[in-house]
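Peer 1: There's a structure below that I have some questions on.
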Amino acid sequence: MSDLAAELASGARRPLARLLTRIENGDPTVRPLLPELFAAGRDAHVIGITGPPGSGKSTLVNALIGEWRRRGRRVGILAVDPSSPYTRGAILGDRIRMMDHAADRDVFMRSMASRGELGGVAATTWIAAAALDAAGYDPVLVETVGAGQSEVEVARLAETTVVVEVPEMGDEVQAIKAGLLEIADLIAVNKGDRPGADRAARQLRAMLSTAGGRVERKPPPVMVTTATTGEGVAALADAIDAHRSQARSPLAARERAANQVRRALADLAARRAVSAGAWEATVQAVADRELDPLTAAEHLLDR
Amino acid sequence: MTSADTPIRILIAKPGLDGHDRGAKVLARGLRDEGFEVIYTGLRQTPEMIADAAEQEDVDVVGLSILSGAHMALLPKTVQLLRERGMDDVLVAAGGIIPDADVTKLKEVGVAEIFGPGTSIGEIARYFREHVRREA
C-alpha cells in the first residue's frame, strides 16, 4: 500500500480534506494518483441525491446519515451547491441541516461549489467520491440541486440515484416530462406530513408505471418520507441498500462506465483543446460567424 | 489551475448561545459576491463543531460572528482546537461587539483580526485576500 492509500485508510481526516481540495482545484498532482486511488477503493456504494431547491434534500440526507450510522456504516457526503457564474462565489449551506453529525468522527462531509469551470462539478465529484471510498466511507452520498444539466450528470455517475420531490410537485403531466424523474432509481416524496403527500406518491406511481424508461428498467419505487421526524427514512435506507446489487448488474455497471468514460473523454478533449492555444481565436471565429461550432471543434481537436 | 486563482474558502460560524445571525448572513452573502466560497454552518456551534467542520472543509479562513459576550471563552478555544488539528495556517477572524481590551488579548492567542460594527464587506474581503496563506 502506498503512502497516500495508507494515510487515507488510517482514517486521518486532514490528509483526506487536503486531497479533496487538490481534486477540486484540478491540481496536476492528482492525475498520477488516480489509478492508485481507484485501486485503493473499497467498493463504496455511491448514491446521488438530487431534487429541486427546498425539497428537503439536506434534511433527508441528515436523517439518512443517522439511519446508516445506527447500522454501523461510516458515511461520506459530498454536498454540491452552485457557484455564481458572475463572481465565482458560492454559499455552501448544506451543513446547517447536517449539524447533528458534526462531531461524529465516522461521518465526513465536504461542501463543494460547482465552479462552472470546464466539465464543472461532474468532472471532479467522481474523483472526490473515489477518495472518500479509499478512506473507508461507505456509502458515499453526492447531493446536488437538480436544476441543471451538470447536476443531472452528477446523479448519472452515481450507482443509485434518489430524486427528492415534495407533495406540491405539480400534476400528473409533470411526472411524465423528461428530466429529473427519468434518472431516478428511487423517488422520495418528502415533507410527507403535508396534505396530499400520499396522493402525490400514488399519482407518481401510476404515471411512472405506464411510462417507458431506460432499457430493461422497472419503474422506480416511490416512497413517502418526512425527513424532520424520520418517518419513512429507515424504509428509504432499506430501499437504497437493496438497490446496490441491482446497480451492480453487468448491464447497469456497463451503462455507468460508459457515462464515466464519455464524461472523462469530453473533459479531456475540452482541456486539451483549450490548452493547445487556438481556443480564443477559434471562439472568436465562431462569434464572427466565420466558422460553425462543429467545424471549430474539429479544428481544435485536430491540432 | 493554480491555487492562486481558486476561490478563497471561508467557514462562517456562530459559536455559542447567540441567536442573532443577521450579520453573519449579510457577510456570507457579501463575500459570495466578492467571489468567496462561503460555508455557512448556522447557529449555536461549539468550538469542537467549528474545528471539525473547518478540518473537513479545508478552509482558508474561519470567520466567527459573536455577539453574546462569551468571546473570551469561545474564541481562544476554537483557535486552540484548530491548531491541535494541524490547521496552523488557517486564518481566524472574528466579528461582533468586542471591547478593545479584549481585542488585544484575543490577538495574542491567535485571532488574526477582529472586525467591529461598521466595517464594510469590501474591507473584510480585502483583508482576507491579503492575509490568506496557502501552501505552494
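The numbers here are math on the coordinates, done by the rules we state, and not lab data. All values reported here derive from a predicted model rather than from experimental measurement. Cβ: placed from backbone, ideal geometry, glycine included. Neighbour counts: every protein chain shown.
Peer 1: Quick one: which residues, 5 or more positions from A:S114 or on another chain, have an amide H under 5 Å from its amide H? H modelled 1.01 Å from N in the peptide plane, none for Pro or chain starts.
Peer 2: It is A:D81, A:S83, by chain and number.
Peer 1: For the charge dipole of the range B:4-136, defined by +1 on Lys and Arg C-beta atoms and -1 on Asp and Glu C-beta atoms about the Cα centroid, which residue among B:L81, B:G96, B:V38 has the Cα displaced farthest towards the positive pole?
Peer 2: Comparing the listed Cα positions along the dipole, B:G96 ranks first.
Peer 1: Give me, ordered by chain and number, the residues 5 or more places off A:E165 or on other chains with an amide H under 5 Å from its own placed amide H.
Peer 2: A:A188, A:V189, A:N190
Peer 1: Let me ask you something else. With a ≥ b ≥ c taken as the square roots of the eigenvalues of the C-alpha gyration tensor of chain A, please select rounded if a/c is under 1.5 and otherwise prolate if a/b is larger than b/c or oblate if it is not?
Peer 2: Oblate.
Peer 1: Cross-link candidates for A:K218: which lysines have Cα within less than 18 Å, leaving aside residues fewer than 8 places away along the same chain?
Peer 2: A:K177
Peer 1: So what's the net charge close to A:A296: Lys and Arg +1, Asp and Glu -1, counting the other residues with Cβ under 14 Å from its Cβ?
Peer 2: -4
Peer 1: Return the percentage of antiparallel bridges among DSSP beta bridges fully within chain A, rounded to the nearest 5 %.
Peer 2: 5 percent
Peer 1: OK, next. Each label point is 7 Å from the Cα along the Cα-to-Cβ direction; what then is the distance between the points at B:E48 and A:E290, in nm?
Peer 2: Spacing of the two 7 Å Cα→Cβ label points: 6.5 nm.
Peer 1: 7 Å from Cα along Cα→Cβ at both B:R134 and A:R69: what's the point-to-point distance in nm?
Peer 2: 3.2 nm
Peer 1: Is the range A:221-303 best put as rounded, prolate or oblate by its Cα gyration tensor, with a ≥ b ≥ c the root eigenvalues, rounded for a/c under 1.5, and otherwise prolate when a/b is larger than b/c, oblate when not?
Peer 2: Prolate is the answer for the range A:221-303, as a/c is 1.5 or above and a/b outweighs b/c.
Peer 1: Less than 11 Å Cβ to Cβ from A:A103, Lys/Arg counted +1 and Asp/Glu -1: what total charge do the surrounding residues give?
Peer 2: Net charge in that neighbourhood comes out at -4.
Peer 1: What's the center-to-center distance, using Cα atoms, between the range A:248-303 and the range B:3-66 in Å?
Peer 2: 37 Å
Peer 1: Taking H placed 1.01 Å from N in the peptide plane, check which residues at least 5 places from B:V92 or on another chain put their amide H under 5 Å from its amide H.
Peer 2: When sequence neighbours closer than 5 places are left aside, the close amide H contacts are B:V62, B:A112.
Peer 1: Still on this structure: Looking at the range A:242-303, which GluC sites (Glu not before Pro) are DSSP coil and have at most 11 other C-beta atoms within 10 Å of their C-beta?
Peer 2: Loop-located and lightly packed - A:E290.
Peer 1: Based on the Cβ-Cβ distance from A:E231 to B:L17, what FRET efficiency comes out when R0 is 35 Å, to the nearest 0.05?
Peer 2: Using R0 = 35 Å, I get an efficiency of 0.70.
Peer 1: Next question, about the same structure. For every other residue with a beta carbon closer than 12 angstrom to the beta carbon of B:M72, add +1 if it is Lys or Arg and -1 if Asp or Glu, then tell me the sum.
Peer 2: 0
Peer 1: While we're here: What full-extension length gain, to one decimal in nm, is calculated for A:R272 and A:R31 as 0.36 nm per residue of separation minus the Cα-Cα distance?
Peer 2: Here the segment from A:R272 to A:R31 would lengthen by 85.3 nm.
Peer 1: In addition: For B:K14, which lysines qualify as cross-link partners when the Cα separation must be under 24 Å and same-chain residues fewer than eight apart are set aside?
Peer 2: Cα-Cα hits under 24 Å: A:K57, B:K25, B:K77, B:K105, B:K107.
Peer 1: Mind running the shape call on the range B:3-131? Use the C-alpha gyration tensor, a ≥ b ≥ c as the square roots of the eigenvalues: rounded below 1.5 for a/c, prolate if a/b tops b/c, oblate otherwise.
Peer 2: rounded
Peer 1: Another question, if that's okay. Please identify the helices of chain A, taking whole runs of DSSP H, that span at least 24 Å along their own axis as judged from the Cα atoms and have a mean Kyte-Doolittle score of -1.0 or higher.
Peer 2: A:250-275
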